[in-house]
Structure formats: C-alpha cells, structure tokens
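Values quoted throughout were computed directly from the atomic coordinates according to the rules given, and no laboratory measurement underlies them. As the structure is a prediction and not an experimental result, all values here were calculated from the model. Methodologically, a virtual Cβ is constructed for each residue, glycine included, from the backbone with ideal geometry; neighbour enumeration extends over all protein chains shown.
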Amino acid sequence: MQNASDFARLSAIVTSSDDAILSSDFSGKIVTWNNGAAHIFGFTSAELIGQHFSKIIPEQFVDAIISLMDEIKNGSPSKHFESFGRRKDGGDFPVSITMSPIRNVEFQVVGISIIARDISERRKNEYYMSLLASIINSSDDAIVSKNLDGVITSWNPGAEKIFGYAAEEAIGRNISLIIPVSKLDEEASIIKKISRGEKIDHIETIRKCKDGSEINVSVTISPVEDRDGKIIGASKIARDISQRIEREKQKALFTSKLEELNNFKDDFMMMASHELKTPITVIKASLQVLQDSLTKDSGDIMLVDKSLDHVDRLSRLVSELLDVSKIQNGKLDLDIQVFDLTLLLKEILNDLHPVSSNHQVILGQPDALIEIRADRQRIKQVLENIISNAIKFSPQGSIVHIETAVKETGVIVKVKDDGIGIAPEHIDKIFSRFFRVGGIASTFSGTGVGLYISAEILRHHGGKMWVESELNKGSAFYIEIPTLLSANLSNTG
Ligand code: ADP
C-alpha cells in the first residue's frame, strides 16, 4: 500500500505534466482532469468533470473509443493509439492516447485512465520530412551528405543516376569514391571551409563515375549542423553540366570557325577589290582614248559611251566593296584636314551636273564660309551619296534643296527631296549593309551600301546621320560633322 508521501509525489507528477491526464468511469464520464488537459483542450476541470468524454473527441472517433473502453473494462491491458482531440474552440488536433485500466486494491477494474499527448508538432515535422524526402528522391540532381571525415551518409536516386553507384554501394564509403585524384586537394579545402561553417556556392569541377568516366558538375556544398548547432558534416548538391560544357565547347568552336571564315571572306573581298581596281582603271583609260578618237557622228561612239558608263558603275561597286571591307576590318583611316564645306558642296554639284540636269538642285547660303576639320574625300563621298540618292529617288523636274547650318554641336547639312519617300518600317534599316527598300525603290539602280558606308564615315568622325521621311512625299537626310573650326555664324538656322 502506498503511503501519503508516495501519493503526494504521484499527484504532483499528474498536476505538473504537460500531457493531458484524465480518468473516466465506464459510462465515459470524466472523473479527473489535470492542468495539462486544461491546457491542451482548453476546458477547465470545472467545465469538464462530470461531462462525457465525447466533448473532447470528434464524433467519428467516439464509438471506437467506447469499444476500447469496454475491452479495458473486461480485463484487456492498456491500449495505445493515435486519434484526434477537439478543443473548446472546436479545433481538432492529432493526439496520441494511452488508455489503461484503474484497479482497486482487490485488483478490480474500476475506471479508465487516459493520457493524451498533442502530436500536432510531430505530425507537422513528419509531413515536412516526407515532403523533403520526396523532393530529394525525385531530384535529378545528386544530393549527397557526408560527415566531417568525408564518409558518405546519404545518397539519393539522382546521385545513383549521375555517378552510377547504388546507395548501398556508396553509403559508408569515403567521398573520394567520386573524386578524381587530380581534385583530391580541392576536397580537403572544401572540408576545411565547411568545418568553419562556410557554404560553397556553385563551383564547377570534375567528378568520377563508377564506370571511370569523368563528368563536369556544378556543386553547392552546405554545412550540416546537429541540434546544438555543431557542424557534423556537409550536404552536397551536384548537377551534371557535361552537356552544357559540351554545348559551350561546340559553340566556341563554331564561333571561331565562323570568325575564321569571316576573316577569310573579308581578306578575299579586300584582295579581290584591290585586284579589280587596276584592270578597271586601264579599261576606263583605254575607252576614254577611244572616245576622244571617235567623231560625234560615228556609229561606235554610243557603244563606247555605254561601256564607259558601265565601267563607272563597276568602279563604284568595287570602291564600295573595298570600303565595306575596310569598315569590317577596322581599317577605315581618315585623312583629316581643314576645308570649306560650301566650296566642297559647289564642287560636288558641279561634278554631278550631267546626272542632275533634269532636276533643280538648290544650295542655300551659297556664299557662307564653313570651315571644318574632317576627311575631305570621305565627306565628299557621303554628300555625293545622299545628293545623288535625292536625285535618283525623286521625279524629274523636282527640286532638291541643300541647306547648311552651324550649330553648337557641329555643322549640319540637310538634303531634302520631294521623291518617293521611305515607309516608317524601313527607316531604321536603310543604314544597314546591303539593305534596299523593295517595290518601286528597287527599280532604281544601286547596291544598298552607300548609306551604310556614309553612316560609318560619319561615326568615324564622331558625327552622325539621320533621316526624316514620308512615303510618297519625300525625304530629308541630315548629316552632322562635329569638328568645327570657324564658321560664319550668320548661317545658324
Ligand atoms: P542604294 O542607293 O545604292 O540602293 P543606299 O545605301 O544609298 O543604297 O540607300 C539604301 C536604300 O535607301 C535605297 O535603296 C533606297 O531604298 C533608300 N533611300 C536612300 N535615299 C533615299 C531617298 N532620298 N529617297 C527614298 N529612298 C531612299
């Protein structure tokens, strides 16, 4: 028989327990209710004692518990099971329950004791653990853990697939199993860092597979701590990046092949254009001699004129190709000098006279002195291109206006025509290499590189070129040459 002090100790244990400890009679009526029960279920003992236990259990579990109580009443030993409890606020939560018989001194069962523990936290952990496990198991990446001695402690299916070792073969072995000899030093420094609590993010390295092959992997390694925060190992996530590395290698190879071919093409263009220049010059000179020797009424003069015209076109094409090659090779050198832009424009208009005889080309401010510092020959080439385009793409008899303006940023030349204009979707493209607008514009002769070369020439001068245009109304091409030495500022427009 227990004495009073035993009883007091037992009573203290029951009172201070975090678990719900209660008892009921065989009809299910609650007889005792400790502080733990009040805490877990939210009812005070005054509210619960004398009530049926179904007040703290969801309806669907009540019958099962009653039949377990019957079994205990009939002599069955303690029952341990998991079910659900219901709080005073109506919320249900998972509980682990132990029901035991309460016996009197004659060993007769006189009631039932119930110990209930709230296992919500445990269930949550179990849920997260199984979620984590399913993520690890379904990952294509290798997820591996090891202790600080480098002994493998876990090995997921991704690791099996990447490295070829089954989990049973790898767990318990040293991580050097998958490290090539040349990378063993790297592993030692990784372990050192991990021991200091440092994480290693995305290092790209090489690992060895079961079949002896080596693969490129991207690895992230994090320290693993025990409950007390002590570092006990490392977890490693490794991704097989061999295919990506292979693709990058192929791409680099492809790019260098392309560069090689491109250089070859540029060299060839440069060489071919150079080589073509001499025979063209000789043909042109011979034709000119022939032209001079023929009388105006000779039947052959037309043939010679036509041939000279074609030789000129050929010569222009060759020069343009040579310029494109020079731009591509970064060899467009400028010969900078000081000259008068107005004088240059007059010279160009004079040279263009035969071509422009069906148009009226008006130069605004024909007496302005505009001294600039630039490559005269190259600026001449740009202006010839945009003025001849204005003439080419506008109807006979129309007027082409050329205006100059001296601004703070540089000298601006505007060439305006009333021609076919350019559709908005083509405006940005006309400065690209070999671009020609289709439709009616393509019926005019040309190569589509003039504006590209012009824009590049201006870019080399630190200047720029742009266009304002409206389809079927006309275009205005602008160039800006930044280096201004002196100018007649009355020109400012
Ligand atoms: P090309 O005149 O030899 O074709 P460009 O590079 O000088 O080459 O011009 C490219 C294209 O821009 C031309 O084919 C034409 O479609 C368009 N373009 C250039 N200048 C004008 C203009 N003044 N009016 C209308 N379209 C133009």
Computed over region 64-221: relative contact order in percent, which uses C-alpha pairs under 8 Å that are six or more apart: 12 percent
Fewest-first sequence of 31, 449, 282 by Cβ atoms within 10 Å of each Cβ: 282, 31, 449
Label-point separation, residue 247 to residue 192 (7 Å along Cα→Cβ), nm: 3.6 nm
Percentage relative contact order, the chain, counting C-alpha pairs under 8 Å, at least six apart: 7 percent
For peptides 410-420, 51-61, sequence by mean Cβ density within 10 Å, most packed first: 410-420, 51-61
Fewest-first ranking of 199, 88, 392, using other Cβ atoms within 10 Å as the exposure measure: 199, 88, 392
Separation in nanometres of the label points that stand 7 Å from Cα toward Cβ, at residue 317 and residue 447: 0.8 nm
Packing-based exposure ordering (other Cβ within 10 Å, fewest first) of 15, 98: 15, 98
FRET efficiency estimate (nearest 0.05) - Cβ-Cβ, residue 231 to residue 432, R0 51 angstrom: 0.25
Three-way shape label, region 96-165, alpha-carbon gyration tensor, a/c 1.5: prolate
Reciprocal mean inverse distance between Cα atoms of region 194-341 - Kirkwood radius, Å: 22.8 Å
Lys/Arg +1, Asp/Glu -1 at C-beta; the chain dipole; positive extreme among 274, 60, 405: 60
Listed residue pairs exceeding 26 Å between alpha carbons, taken from 284/326; 326/416; 265/464; 257/429; 284/416: 326/416; 265/464; 257/429; 284/416
Nearest-0.05 FRET efficiency for residue 292 and residue 407, computed from C-beta distance (R0 41 Å): 0.30
Computed lengthening from residue 277 to residue 182, 0.36 nm per intervening residue step minus Cα-Cα distance: 28.2 nm
DSSP beta bridges in the chain [antiparallel fraction, %, rounded to 5]: 95 percent
Potential lengthening between residue 362 and residue 203 on full extension [0.36 nm per residue; Cα-Cα distance subtracted]: 50.4 nm
Phi-based couplings in Hz for region 274-285 (Karplus 6.51, -1.76, 1.60; Gly and Pro marked x): 4, 5, 6, 4, 4, x, 5, 4, 5, 4, 4, 4
Computed over region 271-342: relative contact order in percent, which uses C-alpha pairs under 8 Å that are six or more apart: 36 percent
Debye, to nearest 20: dipole size of the chain, +1 on Lys, Arg Cβ, -1 on Asp, Glu Cβ: 540 debye
Farthest toward positive dipole pole in the chain [+1 Lys/Arg, -1 Asp/Glu at C-beta], among 84, 137, 202: 84
Dipole in debye (nearest 20) - region 1-130, about Cα centre, beta carbon charges: Lys, Arg +1; Asp, Glu -1: 120 debye
Within the chain, helix-based [θ] at 222 nm, where runs of 4 or more DSSP H residues each add -39,500 (n - 2.57), nearest 500: -14000 deg cm²/dmol
Listed residues 370, 191, 164: farthest to the positive end of the dipole of the chain (Cβ charges): 191
The chain: projected area of the alpha-carbon convex hull, averaged over directions, in nm²: 49.0 nm²
Segment residue 260-residue 29, length gained on full extension (0.36 nm per residue, minus Cα span): 73.8 nm
Helix 184-195 vs. the chain, principal-axis angle (Cα, 0 to 90°, nearest 10): 60 degrees
Rounded tilt (10° steps) of 59-73 against the dominant C-alpha axis of the chain: 30 degrees
Size of electric dipole in region 182-242: Cβ of Lys, Arg +1 and of Asp, Glu -1, about Cα centre, debye, nearest 20: 120 debye
Between helix 376-392 and the chain: long-axis angle, C-alpha atoms, 0 to 90°, nearest 10: 90 degrees
Those lysines that a straight Cα-Cα span of less than 28 Å connects to residue 79, excepting residues fewer than 8 apart in one chain: 29, 55, 88, 124
Loop-located trypsin sites (Lys or Arg not before Pro) in region 292-345 whose Cβ has at most 16 other Cβ within 10 Å (DSSP): 296, 331
Cα pair count fraction exceeding 25 Å, expressed as % - region 301-447: 39 percent
FRET efficiency for residue 284 and residue 337, using Cβ-Cβ distance with R0 set to 30 Å, rounded to 0.05: 0.65
For region 67-144 versus region 184-215, the gap between their alpha-carbon centres in whole angstrom: 44 Å
